[in-house]
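Read-outs: derived from the displayed coordinates by stated rules, not from any lab. Keep in mind it's a predicted model, so treat the numbers as computed, not measured. Ideal geometry is used to build each Cβ from the backbone, glycine not excepted, and the neighbour counts take in all protein chains shown.
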Amino acid sequence: MLPFFKNKENSKTEITLADVKLPEHIGFIMDGNGRWAKKRNLPRSAGHSAGAKTFRKIVKYCDRIGIKYVTVYAFSTENWKRPEEEVNSLMKLFKSYLEEAISDFKDEDIVVRFIGDTTAFSKELQDLIEENEKESADRKGMVLNIAMNYGSRDEIVRAMKIIARQVKDGTINPDEISEEMISQNLYTAGQPDPDLVIRPSGEYRISNFLLWQSAYTEYIIMDEVLWPDFTEKMVDECIIEYAKRNRRFGGV
Ligand code: IPE
Ligand code: IPE
Ligand code: MG
């Protein structure tokens with residue numbers, strides 16, 4: 001990514017976060033844990049542990065700089081295809097992180113929410129998910145959406161079923177179905193769409209993340225960094241890069 005400078009009386013001054021409009025909602029596709037571990041001859045699970053530490057650091061930083069919503073992609077509906085051993089180690093990691101998350105995000109006053117079909121997880125994990133949401137619901141800080149067993153297509157199918165049932169029982173007329181109604185039946189109901197999605201590890205794809213919500217999202221794909229190595233400074237760089245973009249939403 002190129003540094004962004006503003007011209008000031010012929011001298012070049014580097015732009016900082018204080019100079020730009022912050023995105024309200026940032027999504028992170030936390031990718032590259034496996035490659036990070038492989039580079040170090042470590043098992044993939046070590047990459048996921050390192051990625052979880054980075055998650056904690058980056059979430060807190062986003063809250064500190066004034067971001068209102070952060071959505072992190074932690075486990076997709078397709079990630080069940082991975083070897084059993086890897087899925088098991090991820091479930092263990094989720095458990096230990098969710099046990100700590102309740103108090104961990106307390107100081108930052110972060111509201112913890114989960115998006116995805118969490119009914120697929122063990123009872124133990126589902127209880128932790130519920131506890132995190134309950135304990136943090138009245139907090140006033142940033143909203144953190146943790147996408148677990150999340151797939152955007154699955155989310156859209158779920159929304160369609162809810163709406164279809166309402167049509168069937170006569171509560172709504174098919175002509176009343178609107179973009180707004182679909183948005184309101186997604187897991188992210190009531191939240192602004194992501195302004196910016198950041199994907200480290202250089203994959204140029206969406207991988208089933210927030211498809212409906214990212215119709216006009218700005219994407220930053222970073223080739224040079226794997227998620228466990230992602231830093232606070234990179235968050236700043238991405239926001240400054242985002243601020244350079246001319247968002248037209250189809251207008252002029
Ligand atoms: C992202 O890292 C974490 C999850 C999908 C759970 P990966 O595990 O996909 O890492 P790479 O892409 O194999 O390097
Ligand atoms: C996307 O990463 C999902 C998460 C980061 C949780 P993947 O590693 O699963 O995506 P693909 O398979 O490279 O598209
Ligand atoms: Mg990956």
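Worth pointing out:
- Footprinting exposure proxy for 188, 217 (fewest neighbouring C-beta atoms within 10 Å first): 217, 188
- For the peptides 31-38, 120-127, residues were scored by their other Cβ atoms within 10 Å and the scores averaged per peptide; the highest-first order is 31-38, 120-127.
- Between the beta carbons of residue 16 and residue 169, assuming R0 = 41 Å, the FRET efficiency works out to 0.15 to the nearest 0.05.
- In the chain, the DSSP beta bridges split such that about 15 percent are antiparallel, to the nearest 5.
- Three-way shape call for the stretch 110-252 based on the alpha-carbon gyration tensor, with the a/c threshold at 1.5: oblate
- Based on the Stokes-Einstein relation at 25 °C and a viscosity of 0.890 mPa s, and on the Kirkwood radius from alpha carbon pairs, the chain is assigned a translational diffusion coefficient of 126 µm²/s.
- Computed from point charges on the beta carbon alone (+1 for Lys and Arg, -1 for Asp and Glu), the dipole magnitude for the chain about its Cα centre is near 660 Debye.
- Under 21 Å from residue 38, Cα to Cα: lysines that are on another chain or at least 8 residues apart: 53, 81, 92
- Residue exposure sequence - 238, 62 - by fewest surrounding Cβ within 10 Å: 238, 62
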